[in-house]
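Visitor: Okay, here's the structure, questions in a sec.
The values are calculated or read from the model by the stated rules, or taken from the named source; none is laboratory data. As the structure is a prediction and not an experimental result, all values here were calculated from the model. Neighbour counts run over all protein chains shown; Cβ positions are idealised from the backbone, glycine included. Remember, those area values only see protein heavy atoms, side chains included, never the ligands or the DNA or RNA. Shrake-Rupley method; radii C 1.70, N 1.55, O 1.52, S 1.80 Å.
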Amino acid sequence: MCSIIGYRGKQAAAPILVDSLKRMEYRGYDSVGVATFNSGNILVRKGTGRVVEVNKNLNMTAMSGMIGIGHTRWATHGGVTNSNAHPHSACKNNIAVVHNGIIENYKELKEELTKAGHIFSSETDSEVIAHLLEVHADKGVRKSLMMTCKMLKGTYAFVAVFQDGTIAGARYEEPLIIGVANDGYFISSDVLGFLQYTDKAIFLDNYDVALIDGNNMEIFDFDGNPVAHPITQVAWELGEVDKGKYAHYTLKEINDQRVSVANAARQNEVMMKRFCDVLSDAQSVYITGSGTSYHSALIMKQMLARYAKIRAETVMSSEARDGLIGLDEGSVLVAFSQSGETADVLESVKIAKKQGSRVLGIVNVTTSSLARTSDAFLAVNCGPEIGVAATKSFTGQLALIYNIVARLSDGNLVAGEKAEFVTAVNKVIASSQSAIEKMADDMKEVNDIYLLGRSVHYPIALEGALKLKELAYVHAEGVAAGELKHGPLALMEKNTLVILLNPVDGTYNDSISNAHEIRARGASVIGISDKRSEVYDLWIEIPHLSEEAFYPIVEVIPLQMLAYYLALAKNADPDYPRNLAKSVTVK
Ligand code: AGP
């Protein structure tokens, strides 16, 4: 969601803050702001738009001082306006605050504060934090932080700068990390906020407050008791977030899959064994995730049933309240999340743990909350994914699923980094890019796209539809192909476009029959298959595989490309789709 950065050190703060905000912009990008402290004054510059635009207009980088805070916003409460952009100041401009999360009791707090004479300048829930800190300011910065935190309900990570130059942050259910550099401290919602300056990080826990004052940093809880956390060394590769020769991160990340699927398939033996032991010992298995990660959950369920004879239930993380009723000590929840910070996923984990279940995480960000709260986790190892649309993290999750299932399958499935899908992914990326670019250009007037697939191809139909919606802003619907005749066939007519996921496997003949039914109603069919058919108006060729379980990881790639090129054809920014954020840390 929003990104937060604070810095106190020996260098000019503003250029560092702006640079960090650019790196974390994928977390939220509707407005941006910076506050710096210099000679007893707090100066704020903020506005709507992307970091580069706002910086061009307001010259945030030129703000003076070696202490400051910054924020990029993804609006929750209050529209996308300059006044709703963070930082928010208290009445006397003696405190400025940036916040990520939702303050659920902000209305009551705002009412009380307004009665007490505080004047609000925004519609946000976040602004109450600045005013509460001001209310308690006479008790000192330390006490005011503790008292403020105790009054807040909801989820938050916030960082504040005070008139004495102290910066401080507190967290409850939103990530906040301290970066320890040789000449100062950072405090950020994401290690990417400071990784180009230091690889030493301290991960704060719920109820932690960190205060950076002079050259010292101390951590205490909401009652003032000291808290100690180790300094963790974070892998530098996480900081490699360059687009390289590509026009967009999304295109780079689609192409990264030539290597990233093999990286995901190459797993640490000890961690893999531990993960699989917990899974195979479980009396009941539940699998969860949100968005794309939920589609991985669906595939894992099918693979476990088919190859390892393990029955599992899938639960969308946002539906966990009912979906996870009845778990117990014998249950295991497998949680998929690229970021490891998705609020709905973390909530599922909480619900599972409360019932005594064990949790297995599958994450890309190994320093994330999910990785740290899981009983065991496996890493997707695909490197930083910056494009808001999940691409390489999805195929990484699939490669990992193949490994896990292969291990539990008693020889029914053989996977690993030498599996044929690694070469097939390379082939499909190399062979289909230019044809799909042309196809996308011809599709830019299409308003509705239906994606059909049976069995393991159904989750890919859902995933393809999600990519088309979020990148190309086109209505797209994933349909289980067998359900066509139970309703969706009524929508088939001239100008309807259907994409059929139809590799040559056990589902092939039934899906070909569906294609005929669709064509008979005048609609057009694009077939994604290793075999040409006269029933397709257009054919996207994928490599033939001898193991049919591997088709999903290959057939999703043309859909990612189609969504990317359709976004370009429609002048949309594929890296930063409207209204979305990469990491959804609010419910
Ligand atoms: C995917 O393209 C989306 N941007 C989104 O659905 C995403 O997969 C979802 O928010 C879950 O994120 P996570 O994997 O980081 O938990």
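Visitor: Compute the acute angle (0 to 90°) between the alpha-carbon long axis of helix 141-151 and the principal axis of greatest extent of the alpha-carbon atoms of the chain; round to the nearest 10°.
Guide: In the chain, helix 141-151 runs at an angle near 50 degrees to the longest axis.
Visitor: Over the Cα atoms of the chain, Rg to Rh with Kirkwood Rh, two decimal places?
Guide: 1.00
Visitor: Now a separate question. Under a cut-off of 17 Å between alpha-carbon atoms, report the aspartates and glutamates in cross-link reach of residue 143, not counting same-chain residues fewer than 8 places apart.
Guide: Cross-link targets: 134, 164, 208, 213, 218, 221, 223.
Visitor: Using 27 Å as the Cα-Cα cut-off, could you pick out the over-long pairs in 56/245; 309/587; 107/150?
Guide: Going by Cα-Cα distance, 309/587 fall outside the 27 Å limit.
Visitor: Here's another thing I want to ask about it. Using only Cα atoms, what is the ratio of the radius of gyration of the stretch 112-238 to 2.2 N^0.38 Å?
Guide: Compactness ratio reported: 1.09.
Visitor: Hey, can you find the accessible area per residue of the chain for me, probe 1.4 Å, expressed in square angstrom?
Guide: 38
Visitor: Another question about this same structure. Just by accessible area at a 1.4 angstrom probe, what is the order of 266, 23 from largest to smallest?
Guide: The ranking, largest first, comes out as 266, 23.
Visitor: Cα-Cα pairs above 11 Å in the stretch 261-302: how many percent?
Guide: 72
Visitor: Please give the helix 106-115 orientation as an angle from the longest Cα principal axis of the chain, in degrees from 0 to 90, rounded to the nearest 10.
Guide: Helix 106-115 and the main axis of the chain meet at about 20 degrees.
Visitor: So what's the projected area for the stretch 156-216, the Cα convex hull averaged over all directions, in nm²?
Guide: 3.9
Visitor: Amide H to amide H under 5 Å from residue 75: which residues, 5+ apart in sequence or cross-chain, H placed 1.01 Å off N in plane?
Guide: Those lying under 5 Å, H to H, from residue 75 are 30.
Visitor: Sort 273, 427 by accessible area with a 1.4 Å probe, largest first.
Guide: 427, 273
Visitor: Nearest 20 debye, what's the magnitude of the dipole of the chain about its Cα centre given +1 on Lys and Arg Cβ and -1 on Asp and Glu Cβ?
Guide: 540
Visitor: May I ask for the angle, rounded to the nearest 10°, between helix 13-24 and the longest principal axis of the chain, with both axes built from Cα atoms and the value confined to 0 to 90°?
Guide: For helix 13-24, the angle is close to 20 degrees.
Visitor: Mind listing the phi-derived Karplus ³J(HN,Hα) values for the stretch 365-376, rounded to whole Hz, using 6.51, -1.76 and 1.60 with θ = phi - 60°, and x for any glycine or proline?
Guide: Rounded to whole hertz, the list is 8, 6, 9, 6, 4, 5, 4, 6, 9, 6, 5, 8.
Visitor: May I pose another question? Can you give me the solvent accessible area of residue 280 with a 1.4 Å probe, rounded to the nearest 10 Å²?
Guide: 60
Visitor: What is the set of long-range amide H partners of residue 104 at a cut-off below 5 Å, with H atoms built 1.01 Å from backbone N?
Guide: Excluding prolines and chain starts, which carry no amide H, the hits are 153, 154, 155.
Visitor: Still on this structure, please answer the following. At a temperature of 10 °C and a viscosity of 1.306 mPa s, determine how fast the stretch 241-315 diffuses translationally according to Stokes-Einstein, using the Kirkwood radius over alpha-carbon pairs as Rh; express D in µm²/s, rounded to the nearest whole number.
Guide: 107
Visitor: To continue, here is another question. Mind listing which trypsin sites (Lys or Arg not before Pro) in the stretch 155-249 are in a DSSP loop and have 11 or fewer other Cβ atoms within 10 Å?
Guide: Passing both the DSSP loop test and the Cβ count: 245.
Visitor: One-quarter of the Cα convex hull surface for the stretch 258-377, in nm²?
Guide: If I average the Cα hull's projected area over directions, I get 7.0 nm².
Visitor: Would you mind checking the pairs 115/582; 301/467; 115/353; 354/418; 92/582; 301/438 and listing those with alpha carbons more than 31 angstrom apart?
Guide: Listed pairs above 31 Å: 115/582; 115/353; 354/418; 92/582; 301/438.
Visitor: Beta carbons within 10 angstrom, averaged per residue: use that to sort the peptides 443-455, 95-107, highest first.
Guide: Per-residue mean Cβ counts within 10 Å order the peptides as 95-107, 443-455.
Visitor: Hey, if we sort 319, 477 by accessible area with the 1.4 Å probe, largest down, what's the order?
Guide: 319, 477
Visitor: Another question about this same structure. Using a cut-off of 22 Å between alpha-carbon atoms, which lysines can reach residue 200, once sequence neighbours fewer than 8 places away in the same chain are excluded?
Guide: Of all the lysines, those that pass the test against residue 200 - Cα under 22 Å, at least 8 places apart if same chain - are 10, 22.
Visitor: Using amide H atoms built 1.01 Å from N in the peptide plane, name the residues 5+ places from residue 287, or on other chains, whose amide H lies under 5 Å from its own.
Guide: When sequence neighbours closer than 5 places are left aside, the close amide H contacts are 313, 314, 315, 334.
Visitor: What is the sum of charges around residue 291, taking Lys and Arg as +1, Asp and Glu as -1, for the other residues whose C-beta is under 12 Å from the C-beta of residue 291?
Guide: The answer is 0.
Visitor: With the cut-off at 1.5 for a/c, could you classify the stretch 452-574 from its C-alpha gyration tensor as rounded, prolate or oblate?
Guide: Because a/c hits 1.5 or more and a/b fails to exceed b/c, the stretch 452-574 counts as oblate.
Visitor: Any idea which of 144, 102, 409 is furthest toward the positive side of the dipole for the chain, if Lys and Arg beta-carbons carry +1 and Asp and Glu beta-carbons -1?
Guide: Value: 144.
Visitor: Report, largest value first, the span of the C-alpha coordinates of the stretch 45-95 along each principal axis, in whole Å.
Guide: On the principal axes, the stretch 45-95 reaches 30, 28, 13 Å in Cα extent.
Visitor: Helix-only estimate, please: 222 nm mean residue ellipticity of the chain, summing -39500 (n - 2.57) across DSSP H runs of length 4 or more and dividing by its residues, to the nearest 500.
Guide: Only helices count here, giving -11000 deg cm²/dmol.
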